[in-house]
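The structure under discussion appears below in the form of structure tokens.
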Amino acid sequence: MVDLMGEISAFALQRSPKNCKHPNCFNYARRSIMILTRNPALVATEMDGEIVMMSVEKGAYYGLSGIGAQIWDALESPRTFDYLIGILRDQFDVDENTLRSDVHAFLLDMKSEGIVTEA
């Protein structure tokens, strides 16, 4: 099972959101208005407070908890990056630049795994 747990790791610190060279990177200038959505091909359910997903196409399992599960829940409908930041900023006592950087890196991982897509 690929572990995409909600507690965003030090991985987020490896990328500057303004200068990210990752091939799946959300361009910083358009990231705020980009609309993201769940991959409808995934089978997902909640189990013991965690979101468990399966990609039949890839034969892979994924798990989300904490803030990752909150992002998944918010993406039930297509949402902008700024919308996600707004709902998370209201729930957590964190510097907004840190939140943006961490959520950006987390969404890059989700996009590279095919869990979220641009709508």
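The values are calculated or read from the model by the stated rules, or taken from the named source; none is laboratory data. Note that this is a predicted model, so its numbers are computed, not measured. Every residue, glycine among them, receives a Cβ derived from its backbone with ideal geometry; neighbour counts consider all protein chains shown.
Yes/no matrix, rows are residues, columns are (1) of a type in the set (D, E, K, R); (2) farther than 13 Å from M110 by Cα; (3) in contact with a helix residue (DSSP H, G or I) (Cβ under 7 Å, 6 or more places away or on another chain); (4) modelled with pLDDT of 95 or more:
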| residue | (1), (2), (3), (4) |
| --- | --- |
| T45 | no, yes, no, yes |
| D48 | yes, yes, no, no |
| E57 | yes, yes, no, no |
| S65 | no, yes, no, no |
| W72 | no, no, no, yes |
| L75 | no, no, no, yes |
| P78 | no, yes, no, yes |
| D90 | yes, yes, no, no |
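When V94 is tested against (1) within 21 Å of P40 (Cα to Cα); (2) of a type in the set (V, I, T); (3) out of contact with any Leu (no Cβ under 7 Å at 6 or more places or on another chain), exactly one condition is not met: (1).
Pairs linking a residue in the stretch 33-46 that is hydroxyl-bearing (S, T, Y) to a residue that is not in a strand (DSSP E or B), with Cβ atoms under 7 Å and 6 or more positions apart or on different chains, are T37/L75; T37/P78; T37/A119.
Only one of V103, V94 is surrounded by fewer than 16 Cβ atoms within 10 Å (Cβ to Cβ), among the hydrophobic types (A, V, I, L, M, F, W, C), within 22 Å of M34 (Cβ to Cβ) and modelled with pLDDT under 95; which?
Numbers: V103 fails: surrounded by fewer than 16 Cβ atoms within 10 Å (Cβ to Cβ).
Selected residue: V94, the only one of V103, V94 that is surrounded by fewer than 16 Cβ atoms within 10 Å (Cβ to Cβ), among the hydrophobic types (A, V, I, L, M, F, W, C), within 22 Å of M34 (Cβ to Cβ) and modelled with pLDDT under 95.
The single condition among (1) of a type in the set (D, E, K, R); (2) touching a Leu at 6+ places or on another chain (Cβ under 9 Å); (3) surrounded by fewer than 15 Cβ atoms within 10 Å (Cβ to Cβ) that E50 does not meet is (3). Scanning the stretch 48-81 for residues that are under 15 Å from D102 (Cβ atoms) and of a type outside the set (A, V, I, L, M, F, W, C) yields G66, G68, Q70.
So how many residues does the stretch 56-80 have that are over 23 Å from Q91 (Cα atoms), in contact (Cβ under 8 Å) with a residue 60 or more places away in the chain and surrounded by 15 or more Cβ atoms within 10 Å (Cβ to Cβ)? I'd like the intermediate steps shown before the answer.
Of the residues in the stretch 56-80, the ones over 23 Å from Q91 (Cα atoms) are 56-62.
Of the ones still in play, those that are also in contact (Cβ under 8 Å) with a residue 60 or more places away in the chain are 61-62.
So of that shortlist, the ones also surrounded by 15 or more Cβ atoms within 10 Å (Cβ to Cβ) come out as 62.
Total satisfying the criteria: 1.
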